[in-house]
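Asker: Pasting in a structure now, in structure tokens, and then I'll have a few things to ask.
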Amino acid sequence: MAKEIKIYTKTGDDGTTGLVGGSRVKKYDLRLEAYGTVDELNAAIGLLRSFDVEEDIKDILIRIQNKLFNIGSRLASDEKGEEFTANLAIKTEDIDFLENAIDQFEKELPELKNFILPGGDLLVAQCHVARTICRRAERRIVEFAENEKVQAELIKYINRLSDFLFVLARISGLRRSVDETRWEY
């Protein structure tokens, strides 16, 4: 039987949090900014799943959410924890999966000739919110990687995920007959 997870531990009351592996860091540590933003992204993608979207899209989003949990676990691991989370590493196949999804959706989309404004309807707008959170997660992870070892494929996955979310916004709008709003400069 699995060990029960306690919701409150009181160990963070001093402004620190425990990493996978046992060490403790301040809650404002850049590592926490990185995996906290990944967690925020995961919640935003969970919100996307609550919309009336096709099952194939829901399946893709669940797969992405699982990968984001893996990424968060990897980022939350100190040196001792890396061995424990090694099996959660992002693989080239994970990046390929996103690229293939992008390629499949783009076959349905009209050619992009202008920048478009985020929005259209709630689902499309939420795709763009998730995309911008993803970009912030990428910035935090890259900054964290300046001083700590971060798997290169993890960074590539997050980069590709923001592209996927942009294409998801477009395909969602197309399938729901929502017009794209061109940027008028």
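Asker: Subtracting the Cα-Cα distance from 0.36 nm times the residue separation, let me have the gained length for A89 to K156 in nm, one decimal.
Answerer: 22.9 nm
Asker: For V20, what residues show an amide H to amide H distance below 5 Å, using hydrogens built from the backbone and excluding near sequence neighbours?
Answerer: Under 5 Å from the amide H of V20 lie the amide H atoms of S77, D78, each far enough along the sequence or on another chain.
Asker: Please list, ordered by chain and number, the residues whose modelled amide H lies under 5 Å from the amide H of I116; skip anything fewer than 5 residues away on the same chain.
Answerer: Result for I116 returns W183.
Asker: Mind checking the angle between helix 152-175 and the chain's longest principal axis? C-alpha axes, 0 to 90 degrees, to the nearest 10.
Answerer: 30 degrees
Asker: Here is a further query. Note down the nm distance, to one decimal, between modelled labels 7 Å out along Cα→Cβ at R182 and at E55.
Answerer: 3.9 nm
Asker: Let me ask another. Select from I158, I60, I171 the residue whose mean-square fluctuation is largest in a Gaussian network model of the chain (Cα-Cα springs shorter than 10 Å).
Answerer: I60
Asker: Of all the Cα-Cα pairs you can form in the chain, what percent are over 23 Å apart?
Answerer: Summing the P(r) tail past 23 Å for the chain gives 46 percent.
Asker: State the three equivalent ellipsoid semi-axes of the range 110-172, derived from the C-alpha gyration tensor as the square roots of 5 times its eigenvalues, in descending order and whole Å.
Answerer: Here the semi-axes work out to 27, 12, 9 Å.
Asker: Under a Cβ-only charge scheme (Lys and Arg +1, Asp and Glu -1), can you give me the dipole magnitude of the range 64-182 about the Cα centre, in debye to the nearest 20?
Answerer: 420 debye
Every number here is computed from the coordinates shown, using simple stated rules; none is lab data. Values in this document were obtained by computation on a predicted structure and should not be read as measured data. Using ideal geometry, Cβ is built from the backbone for each residue, glycine included, and neighbour counts are taken over all protein chains shown.
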